[in-house]
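A.B. asks: For reference, the structure I am asking about is given below.
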Amino acid sequence: MPPSATTNLGYTPPDGGWGWTVVFGSFISIGFSYAFPKSLTIYFKEIQEYFSISYSEIAWVSSIMLATMTCEQYFGEPLWEPSSGDSWWANGWGCYGFGLAFNLQPALTIIGKYFLVKRPIANGLAMAGSPVFLSTLAPLNQFLFDHFGWRGSFLILGGVVLNCCVAGSLMRPIKIKTKLPVSKTTDENNAGKLDVTPQTAGQNKSKQSGCAAIVNQFIDVSLFKHRGFLIYLVGNVLMFFGFFAPVVFLAPYAKHQGIDEYSAAFLLSIFALVDMFARPGAGLVANTRWIRPKIQYFFSFAVTYNGLCHMMCPLLPGYSGLVVYAVFFGLAFGMVCALLFETLMDLVGAQRFSSAVGLATIIECGPVLLGPPISGLLVDIFMDYKYMYFACGMMMLAGGIFLFIMNYFNYRWLEKEQNQRKVEGLEIGSAKELAANEEDKDNEEETRLSSEEDVGNSTSKEL
């Protein structure tokens with residue numbers, strides 16, 4: 001059991017018991033939060049025809065939902081996990097939330113309160129809710145539309161999503177029997193792994209006043225001096241411009257080719273099923289001794305692989321081609337989702353991870369919001385989906401190639417800096433050793449002189 005994690009919590013999590021019920025509640029909350037915006041794309045074509053709107057306008061439905069969910073999740077993060085380490089809202093009122101944004105954050109947070117040793121397994125089970133719910137909601141939405149129309153379907157879906165209230169009621173506050181002393185130690189192996197600044201995470205929190213102190217209370221702005229974080233951020237901004245649009249337009253693209261509604265919805269189910277197995281598979285591969293030391297390259301490959309899938313999509317003929325695309329796209333999407341936060345923790349370390357996630361996600365809300373509508377605008381202009389898939393592929397290829405190149409140089413710079421620190425450490429050690437030797441010589445000389453003086457004094461007394 002990692003002692004630092006235990007002391008940081010202030011108590012020993014039960015690692016089971018009611019915690020598995022909490023995992024089930026998180027499974028439901030995470031499933032609805034991530035799958036609901038994607039599954040609504042089943043209704044896009046009909047809503048578009050009903051309101052006589054363009055592809056770019058209908059794309060705002062999912063993009064606004066995804067972007068606001070993400071932004072509210074991390075703008076609201078101080079309510080759940082302020083920099084002091086405790087959540088006054090969660091501690092005072094329990095892990096409940098509002099809407100998809102605050103529905104997701106407590107579901108992610110509370111698992112860490114109930115689990116420590118088994119936390120990776122618990123997180124994996126809870127995160128599986130996203131692809132499981134997407135594979136179920138996609139055909140369900142098509143069934144509801146055929147029988148109740150899109151308006152009636154939305155009313156029914158609203159009632160279904162109310163099950164998140166039941167899931168939230170399972171997330172009761174943990175009963176702490178024995179509190180442990182809280183340690184202020186940090187994970188030194190990770191915290192400064194790719195940090196080019198000489199200060200550590202603790203040293204960066206210098207005394208400030210005014211607005212800067214208020215901002216730094218929730219967001220670590222010193223991350224903008226972190227070379228690895230900046231590389232990650234630029235690559236992700238490029239990636240997210242083309243990340244969600246291919247999922248949003250997958251079912252409408254199939255319908256545009258004359259494929260029936262249920263077959264189009266089934267493409268999302270295929271995508272979700274592959275994604276379900278790709279996430280833990282990518283995590284296992286990333287944790288091997290061959291990949292782990294250079295995990296940034298693996299993430300760069302995953303982003304590039306996504307881009308290649310989108311570039312190939314318009315070249316695959318018929319429904320069978322779309323099925324092949326859904327399989328490879330599900331694998332690529334799952335790889336990125338599995339590595340997205342793991343690579344960030346590898347860069348900034350566990351101590352600064354919470355601030356890094358919040359800061360990165362707030363900035364990434366821009367491309368998440370604008371990506372699908374811009375892609376829809378390309379469909380409006382060319383009246384063909386292939387240019388949209390080409391554009392998304394190019395953006396993700398640009399992000400992947402950028403990450404490959406910059407991480408290559410970053411690893412080299414890091415190696416040089418580590419070697420330089422070793423040399424400086426040896427020099428300091430040598431200087432200390434020389435000083436110690438000189439001090440020993442001085443002490444020996446003083447001892448010798450003192451002994452001679454004592455001998456002289458005793459001789460004079462005898463005389």
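The values are calculated or read from the model by the stated rules, or taken from the named source; none is laboratory data. Just so you know, these numbers come straight off a predicted model, no measurement behind them. For neighbour counting, all protein chains shown are included, and Cβ atoms are generated from backbone atoms with ideal geometry for every residue, glycine included. Accessible surface is based on the protein model in full, side chains and every heavy atom, while ligands, DNA and RNA are left aside. Shrake-Rupley method; radii C 1.70, N 1.55, O 1.52, S 1.80 Å.
A.B. asks: Does segment 351-367 hold any residues that are within 19 Å of Arg227 (Cβ to Cβ) and open to solvent by 20 Å² or more (accessible area, probe 1.4 Å), and which are they?
C.D. replies: From segment 351-367, those within 19 Å of Arg227 (Cβ to Cβ) are 351-353, 355-357, 359-360, 363-364; that's our starting set.
Correct list: Gln351, Phe353, Ser355, Ile363.
A.B. asks: Could you give every pair whose Cβ atoms fall below 8 Å, whose first residue belongs to segment 39-59 and is surrounded by fewer than 17 Cβ atoms within 10 Å (Cβ to Cβ), and whose second residue is among the charged types (D, E, K, R) and at pLDDT 85 or above, counting only separations of at least 6 or pairs across chains?
C.D. replies: Between residues of segment 39-59 that are surrounded by fewer than 17 Cβ atoms within 10 Å (Cβ to Cβ) and residues that are among the charged types (D, E, K, R) and at pLDDT 85 or above, the close pairs are Ser54/Asp380.
A.B. asks: A follow-up question, please. Consider Leu370 against the criteria (1) open to solvent by 10 Å² or more (accessible area, probe 1.4 Å); (2) more than 22 Å from the chain's Cα centre (by Cα): it satisfies all of them except one. Which criterion is unmet?
C.D. replies: Tallying (1) open to solvent by 10 Å² or more (accessible area, probe 1.4 Å); (2) more than 22 Å from the chain's Cα centre (by Cα), Leu370 fails exactly one: (2).
A.B. asks: Only one residue in Phe402, Phe409, Phe382, Phe390 is in contact with a Gly (Cβ under 8 Å, 6 or more places away or on another chain) and at pLDDT 70 or above, so which one is that?
C.D. replies: On the way: Phe409 fails: in contact with a Gly (Cβ under 8 Å, 6 or more places away or on another chain); Phe382 fails: in contact with a Gly (Cβ under 8 Å, 6 or more places away or on another chain); Phe390 fails: in contact with a Gly (Cβ under 8 Å, 6 or more places away or on another chain).
Exactly one of Phe402, Phe409, Phe382, Phe390 is in contact with a Gly (Cβ under 8 Å, 6 or more places away or on another chain) and at pLDDT 70 or above, namely Phe402.
A.B. asks: Within segment 379-393, is even one residue acidic (Asp, Glu), in contact (Cβ under 8 Å) with a residue 24 or more places away in the chain and closer than 29 Å to Ala128 by Cα?
C.D. replies: Within segment 379-393, the subset acidic (Asp, Glu) is 380, 384.
Now restrict to residues that are in contact (Cβ under 8 Å) with a residue 24 or more places away in the chain: 380.
Adding the requirement that they be closer than 29 Å to Ala128 by Cα leaves none.
Checked segment 379-393: no residue is acidic (Asp, Glu), in contact (Cβ under 8 Å) with a residue 24 or more places away in the chain and closer than 29 Å to Ala128 by Cα.
A.B. asks: If you take the residues of segment 144-176 that are part of a helix (DSSP H, G or I) and of a type in the set (D, E, K, R), which of them is farthest from Tyr50 (Cα to Cα)?
C.D. replies: First, the residues of segment 144-176 that are part of a helix (DSSP H, G or I): 144-161, 163-169.
Those still in the list that are of a type in the set (D, E, K, R) too: 146, 151.
Values: Asp146: 15, Arg151: 11 Å.
Filtering first and then ranking leaves Asp146.
A.B. asks: Go through the residues of segment 268-288 one by one and say whether even a single one is closer than 15 Å to Ser320 by Cα, surrounded by fewer than 16 Cβ atoms within 10 Å (Cβ to Cβ) and touching a helix residue (DSSP H, G or I) at 6+ places or on another chain (Cβ under 8 Å).
C.D. replies: Going residue by residue through segment 268-288, those that are closer than 15 Å to Ser320 by Cα are 268-271.
Filter once more, keeping what is surrounded by fewer than 16 Cβ atoms within 10 Å (Cβ to Cβ): none.
So far as segment 268-288 goes, no, none of its residues is closer than 15 Å to Ser320 by Cα, surrounded by fewer than 16 Cβ atoms within 10 Å (Cβ to Cβ) and touching a helix residue (DSSP H, G or I) at 6+ places or on another chain (Cβ under 8 Å).
A.B. asks: Being aliphatic (A, V, I, L, M), more than 17 Å from the chain's Cα centre (by Cα) and modelled with pLDDT of 65 or more: is that true of Leu116 here?
C.D. replies: Yes; evaluated as a whole, the condition is true for this residue.
A.B. asks: Next question, about the same structure. When only residues in segment 312-366 that are β-branched (Val, Ile, Thr) and farther than 22 Å from Ala272 by Cα count, which is modelled with the lowest pLDDT? If you could, list the steps in order and put the result at the bottom.
C.D. replies: Here is the first cut: in segment 312-366, the residues β-branched (Val, Ile, Thr) are 323-324, 327, 336, 343, 348, 357, 361-363.
Remaining after also requiring farther than 22 Å from Ala272 by Cα: 343, 348, 357, 361-363.
Working: Thr343: 85, Val348: 83, Val357: 76, Thr361: 80, Ile362: 83, Ile363: 88.
So the residue we want is Val357.
A.B. asks: Being open to solvent by less than 20 Å² (accessible area, probe 1.4 Å) and farther than 14 Å from Gly228 by Cβ is the filter here; which residues of segment 336-350 pass it? Quick ask: steps written out before the conclusion?
C.D. replies: Here is the first cut: in segment 336-350, the ones open to solvent by less than 20 Å² (accessible area, probe 1.4 Å) are 336, 339, 343-344, 346-349.
Within segment 336-350, Val336, Leu339 qualify.
A.B. asks: Tell me which helices (runs of 4 or more DSSP H) are completely within segment 240-359 and hold 2 or more residues being farther than 21 Å from Ser62 by Cα and not hydroxyl-bearing (Ser, Thr, Tyr), or say none if there are none. Even if it seems obvious, please write down each step before you answer.
C.D. replies: Working: elements: 245-248, 250-256, 261-286, 295-312, 318-348.
Because the criterion is at least 2 residues that are farther than 21 Å from Ser62 by Cα and not hydroxyl-bearing (Ser, Thr, Tyr), the helices (runs of 4 or more DSSP H) in segment 240-359 that meet it are 261-286, 295-312, 318-348.
A.B. asks: So, in segment 381-415, exactly how many residues are open to solvent by less than 40 Å² (accessible area, probe 1.4 Å) and out of contact with any Cys (no Cβ under 7 Å at 6 or more places or on another chain)?
C.D. replies: Filtering segment 381-415 for residues open to solvent by less than 40 Å² (accessible area, probe 1.4 Å) gives 385, 388-389, 391-393, 396-397, 399-400, 403, 407, 410-411, 414.
The next check asks that each one be out of contact with any Cys (no Cβ under 7 Å at 6 or more places or on another chain); those that pass are 385, 388, 391-393, 396-397, 399-400, 403, 407, 410-411, 414.
Matching residues across segment 381-415 total 14.
A.B. asks: Next question. Condition first: at pLDDT 65 or above, crowded, with 22+ Cβ neighbours inside 10 Å and more than 30 Å from Phe266 (Cα to Cα). Can you find one or more residues in segment 81-97 that meet it?
C.D. replies: Filtering segment 81-97 down to residues at pLDDT 65 or above leaves 96.
Within this subset, residues satisfying the condition of being crowded, with 22+ Cβ neighbours inside 10 Å are none.
Scanning segment 81-97, I find no residue that is at pLDDT 65 or above, crowded, with 22+ Cβ neighbours inside 10 Å and more than 30 Å from Phe266 (Cα to Cα), so the answer is no.
A.B. asks: Separate question: State the number of residues belonging to segment 266-280 that are small (Gly, Ala, Ser) and either within 20 Å of Leu347 (Cβ to Cβ) or within 17 Å of the chain's Cα centre (by Cα) (or both).
C.D. replies: Pass one, segment 266-280, residues small (Gly, Ala, Ser): 269, 272, 278.
Filter again for either within 20 Å of Leu347 (Cβ to Cβ) or within 17 Å of the chain's Cα centre (by Cα) (or both), leaving 278.
Number satisfying all stated conditions: 1.
A.B. asks: Scan segment 290-320 residue by residue and report those that are closer than 25 Å to Asp384 by Cβ, of a type in the set (A, V, I, L, M, F, W, C) and either in contact with a Lys or Arg (Cβ under 6 Å, 6 or more places away or on another chain) or open to solvent by 70 Å² or more (accessible area, probe 1.4 Å) (or both).
C.D. replies: Matches in segment 290-320: Leu308, Met312, Leu315.
A.B. asks: Could you list, in sequence order, all residues of segment 1-31 that are at pLDDT below 65 and among the polar types (S, T, N, Q)? Can you show your working first?
C.D. replies: So in segment 1-31, the residues at pLDDT below 65 come out as 1-9.
Residues satisfying the conditions are Ser4, Thr6, Thr7, Asn8.
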